[in-house]
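Undergrad: Here it is, the structure, as structure tokens.
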Number of protein chains: 2
Amino acid sequence: MTEPAFQDEQTLLPAVAQDAETGQVLMLAFMNREAYQETLRTGRAVYYSRSKQRLWRKGEQSGNEQVVKQVLIDCDADAIVLRVEQLGGAACHTGHQSCFYREVTDQGLRVVGQRVFDPSQVYGPPQA
Amino acid sequence: MTEPAFQDEQTLLPAVAQDAETGQVLMLAFMNREAYQETLRTGRAVYYSRSKQRLWRKGEQSGNEQVVKQVLIDCDADAIVLRVEQLGGAACHTGHQSCFYREVTDQGLRVVGQRVFDPSQVYGPPQA
């Protein structure tokens with residue numbers, strides 16, 4: 001077994017991107033086989049966007065690509081960890097370093113993550 | 001919005017357990033709303049096992065519970081990170097610290113993770 005457990009071309013497996021230097025979990029997305037293979041081939045993280053229903057080359061719009069340093073798979077081969085260098089310093093479309101920038105507390109959600117860029121500067125003003 | 005985007009009682013969201021001290025990604029599993037709420041209430045990681053189709057209280061058999069130190073949710077509120085203290089030192093049923101103990105290389109899979117216990121000592125001999 002040398003690849004994750006993609007049953008067919010439609011199978012989506014969860015993939016966690018982790019900062020290779022700091023260990024911070026940056027985001028969680030999904031990969032189909034094509035995304036996985038392109039990730040290995042190019043050394044840049046490629047996911048499958050469930051909302052757009054197409055390959056999503058991370059950073060295709062923002063330029064914030066993920067340079068893949070190491071690919072790990074789990075015991076059941078149905079989950080993937082990418083240890084990456086996050087170009088631009090932020091993985092999240094909200095401008096935060098990590099998509100996991102909010103902590104669950106008894107008082108509700110609390111922002112704990114750092115914002116690196118202003119989304120309107122990167123993606124343009126919010127759509128009406 | 002104070003909880004993840006569980007659409008109904010059947011919705012499963014991916015949850016990443018990360019060692020709160022070292023940052024190592026230990027495992028990826030799924031939660032339904034009940035698992036999530038029990039996790040918050042008890043401070044121990046509870047998942048929903050897709051294979052067993054029931055709540056899976058991590059460590060219920062091995063004793064290797066996960067003490068939850070922090071719960072983070074992502075920008076879309078459809079993925080969860082648990083920062084945990086892993087009791088027993090190993091999250092994986094194979095006895096490795098992390099389920100992500102194998103690296104993908106050009107030559108195939110390479111074990112990079114540390115084995116902490118012998119599964120046959122914890123779960124009994126392999127089933128015939």
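Undergrad: If you average the C-alpha positions of region B:24-88 and of region A:12-78 separately, how far apart do those two centres end up, in angstrom?
TA: 22 Å
Undergrad: Can you give the local net charge around residue B:65? Use residues other than it whose beta-carbon is closer than 10 angstrom to its beta-carbon, Lys and Arg +1, Asp and Glu -1.
TA: +1
Undergrad: Can you send over the carbon and sulfur percentage of the accessible area for the protein assembly as shown, probe radius 1.4 Å, protein chains only?
TA: 43 percent
Undergrad: In whole Å, largest first, what are the principal axis extents of the Cα atoms in region A:13-117?
TA: Extents along the principal axes, in whole Å: 42, 32, 30.
Undergrad: Of A:114, A:84, A:7, which is farthest towards the positive pole of chain A's charge dipole, taken about the Cα centre with +1 and -1 on the beta-carbons of Lys, Arg and Asp, Glu respectively?
TA: A:114
Undergrad: Rounded to the nearest whole Å², what accessible area per residue is found for chain B with the 1.4 Å probe?
TA: With all protein chains present, chain B gives 51 Å² per residue.
Undergrad: Would you please calculate the Kirkwood hydrodynamic radius of region A:1-43 over all C-alpha pairs and express it in Å, rounded to one decimal?
TA: Across region A:1-43, the inverse of the average 1/r is 11.4 Å.
Undergrad: Quick one: net charge of residue B:26's neighbours, Cβ under 11 Å, K/R +1, D/E -1?
TA: Taking every Cβ under 11 Å from that of residue B:26, the sum is -1.
Undergrad: Pick from B:76, B:19, B:106 the residue whose mean-square fluctuation is largest in a GNM of chain B, springs joining Cα atoms under 10 Å.
TA: The residue that fluctuates most here is B:106.
Undergrad: Place the label 7 angstrom along Cα→C-beta at residue A:37 and in each other copy, then list the distances from the first to the rest in nm, shortest first.
TA: Label-point distances to the other copies, shortest first: 4.4 nm.
Undergrad: For a Förster distance of 45 Å, can you work out the FRET efficiency between the beta-carbons of residue B:122 and residue A:41, rounded to the nearest 0.05?
TA: 0.70
Undergrad: Moving on. What is the distance, in nm, between label points placed 7 Å from the Cα along the Cα-to-Cβ direction at residue B:105 and at residue A:77?
TA: Taking the simple label geometry, residue B:105 and residue A:77 are separated by 1.8 nm.
Undergrad: While we're here: Would you mind listing how long the protein assembly as shown runs along its three principal axes, going by Cα atoms, in whole Å with the largest first?
TA: 59, 49, 32
Undergrad: Only Lys, Arg, Asp and Glu count, each charged at its Cβ (+1, +1, -1, -1), so figure out the dipole size of the protein assembly as shown about its Cα centre, rounded to 20 debye.
TA: In total the dipole reaches around 20 debye.
Undergrad: From the label point of residue B:50, set 7 Å from Cα along Cα→Cβ, how far away are the matching label points in the other copies, in nm, ordered shortest to longest?
TA: Going from nearest to farthest copy, the values are 1.0 nm.
Undergrad: Which residue of chain B is nearest the rotation axis onto chain A, counting by its Cβ, and what is the distance in whole Å?
TA: Residue with the nearest Cβ, plus whole-Å distance, for chain B: B:23, 1.
Undergrad: To continue, here is another question. Using a 7 Å offset from Cα along the direction of the beta-carbon, what are the separations from residue B:69 to the same position in each other copy, nm, ascending?
TA: 2.0
Undergrad: Total accessible area buried between chains B and A, 1.4 Å probe, in Å² to the nearest 100?
TA: Protein heavy atoms only, the B-A interface buries about 2800 Å².
Undergrad: Only counting protein heavy atoms at a 1.4 Å probe, give the residues of region B:1-29, ordered by number, whose accessible area falls by 30 Å² or more when the other protein chains are present relative to the chain alone.
TA: Going by heavy-atom accessible area, the residues of region B:1-29 that drop by at least 30 Å² are B:1, B:2, B:14, B:16, B:18, B:25, B:28.
Undergrad: For chain B, modelled as a GNM with alpha-carbon contacts under 10 angstrom, which of B:112, B:16, B:25 fluctuates the most?
TA: In the Gaussian network model the winner is B:112.
Undergrad: Around residue B:97, under 10 Å between beta carbons, what's the net of Lys plus Arg minus Asp minus Glu among the other residues?
TA: Neighbourhood net charge equals 0.
Undergrad: Treating the beta-carbon of each Lys and Arg as +1 and of each Asp and Glu as -1, no other charges, what is the dipole magnitude of chain B about its Cα centre, to the nearest 20 debye?
TA: Charge dipole, chain B, about its Cα centre: 380 debye, nearest 20.
The values are calculated or read from the model by the stated rules, or taken from the named source; none is laboratory data. Quick caveat: nothing in here was measured; it's all calculated off a predicted structure. Note: ideal-geometry Cβ built from the backbone for every residue, glycine included; neighbour counts use all protein chains shown. These accessible areas exclude ligands, DNA and RNA; they are computed on the full protein's heavy atoms, side chains included. Shrake-Rupley method; radii C 1.70, N 1.55, O 1.52, S 1.80 Å.
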